[in-house]
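Quick one: the structure is below, and I'll ask about it shortly.
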């Protein structure tokens, strides 16, 4: 559904900054493989979130010595995460009602 990837990225960055591959790995880990984010989806989403002011990227080095862009949430990104969480809570509640209906 629309907005799922943004929410996953924002939530993943809520505790610490991460580079793109680490974001994808963490999403796969948290969801026990249910969501595997490919680079072709992840990096356009990160770019969009950065343009919207929700994340900030900076260049640095990975533990392996490779040049990587690390992303962190901005204060506006934290507010957007809370809005997204509330939105998804309403969707989950509504879907639960639909599935329970006879």
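Take residue 21 and decide whether it is modelled with pLDDT under 95, assigned to a helix (DSSP H, G or I) and touching a strand residue (DSSP E or B) at 6+ places or on another chain (Cβ under 9 Å).
When the stated conditions are applied, residue 21 passes them.
Moving to a separate point now. Hey, among the residues in segment 59-81 that are in a helix (DSSP H, G or I) and without any contact (Cβ under 8 Å) to a residue 40 or more places away in the chain, which one's surrounded by the fewest Cβ atoms within 10 Å (Cβ to Cβ)?
Once the filter is applied, the top-ranked residue is 75.
Of the numbered conditions (1) in contact with a helix residue (DSSP H, G or I) (Cβ under 8 Å, 6 or more places away or on another chain); (2) outside any helix (DSSP H, G or I), residue 84 fails exactly one; give the number of that condition.
(2)
Looking at the structure I just gave you, is residue 15 surrounded by 18 or more Cβ atoms within 10 Å (Cβ to Cβ) and either assigned to a strand (DSSP E or B) or free of Cβ contacts under 8 Å to residues at least 40 places away in the same chain (or both)?
no
Just to be sure before I move on: is residue 7 within 26 Å of residue 95 (Cα to Cα), in contact with a helix residue (DSSP H, G or I) (Cβ under 6 Å, 6 or more places away or on another chain) and not in a loop (DSSP other than H, G, I, E, B) in the structure I sent?
yes
Separate question: Could you list, in sequence order, the residues of segment 24-35 that are closer than 11 Å to residue 5 by Cα and in a helix (DSSP H, G or I)?
Within segment 24-35, the first condition is being closer than 11 Å to residue 5 by Cα, and the residues that meet it are 24, 27, 35.
Within segment 24-35, 24, 27 meet the criteria.
Next question, about the same structure. I'm trying to understand the selection: among the residues of segment 36-56, which are in contact (Cβ under 8 Å) with a residue 40 or more places away in the chain, touching a strand residue (DSSP E or B) at 6+ places or on another chain (Cβ under 6 Å) and part of a helix (DSSP H, G or I)?
Hit for segment 36-56 is 49, nothing else.
Go through (1) surrounded by 12 or more Cβ atoms within 10 Å (Cβ to Cβ); (2) within 14 Å of the chain's Cα centre (by Cα) for residue 36 and report which single condition fails.
(1)
If residue 30 satisfies every condition in (1) in contact with a strand residue (DSSP E or B) (Cβ under 8 Å, 6 or more places away or on another chain); (2) under 19 Å from residue 85 (Cα atoms) but one, which is the exception?
It fails just one condition, (1).
The values are calculated or read from the model by the stated rules, or taken from the named source; none is laboratory data. Here the structure is a predicted model, which is why all the values come from computation and not from measurement. For neighbour counting, all protein chains shown are included, and Cβ atoms are generated from backbone atoms with ideal geometry for every residue, glycine included.
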